[in-house]
1. Are any residues in the range 9-49 aromatic (Phe, Trp, Tyr), surrounded by 14 or more Cβ atoms within 10 Å (Cβ to Cβ) and not in a strand (DSSP E or B), and if so, which ones?
2. Give all pairs with beta carbons closer than 6 Å in which a residue from the range 5-16 that is touching a residue at least 24 places away in the same chain (Cβ under 8 Å) meets a residue that is part of a helix (DSSP H, G or I); count only pairs at least 6 apart in sequence or on separate chains.
3. Got a sec? Which of Ala81, Ala12 is touching a strand residue (DSSP E or B) at 6+ places or on another chain (Cβ under 6 Å) and either at pLDDT 95 or above or under 16 Å from Glu102 (Cα atoms) (or both)?
4. Considering the range 50-63 alone, what residues qualify as being loosely packed, with under 15 Cβ neighbours inside 10 Å and out of contact with any strand residue (DSSP E or B) (no Cβ under 7 Å at 6 or more places or on another chain)?
Amino acid sequence: MMTSNRPYFIRALHEWICDNNMTPYIVINATDNNVNVPKRFVENGKIILNISPAAAHALQINNDYIEFMARFSGAAMHIYAPIKAVVAIYASENGRGMVFNEDEDDGGGGGGNGNEGGGPTTPTTTTKKGKPQLRVVK
């Protein structure tokens with residue numbers, strides 16, 4: 001069985017977004033028991049975090065988790081999330097990025113509903129289940 005492709009996509013998209021002088025944001029499923037994020041910023045079970053080099057200090061994205069230090073209202077906080085809790089990564093300026101299937105078994109399945117070579121995407125706030133989504137805008 002192959003490992004999940006999610007951490008590879010996250011690292012590649014993070015680099016691509018930064019190389020294009022844009023700001024990478026990730027959406028985290030904050031209901032996962034192993035997630036450490038500031039709870040007061042969680043909405044509908046999700047939190048959106050800026051992971052640009054200026055905002056996320058000591059950023060580590062490995063095959064099992066993502067972690068970094070960030071400031072919230074002036075207070076430093078250690079952020080930790082298993083890779084399977086990362087729902088999406090996108091550029092805040094134009095919404096281009098990738099959404100991952102939350103129910104992926106983390107066994108190397110498809111990368112979800114990404115925008116591989118299509119037009120720009122923009123995040124929408126909610127669907128029936130309250131999940132953030134990216135959609136193609138023409």
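The values are calculated or read from the model by the stated rules, or taken from the named source; none is laboratory data. All values reported here derive from a predicted model rather than from experimental measurement. All Cβ positions, glycine included, derive from the backbone under ideal geometry; neighbour counts span all protein chains shown.
1. Phe9, Trp16
2. Sorted first by the residue in the range 5-16, then by its partner, the pairs are Arg6/Ile83; Pro7/Ile83.
3. After ruling out the rest, the residue left standing is Ala81.
4. Within the range 50-63, Pro53, Ala54, Asn62, Asn63 qualify.
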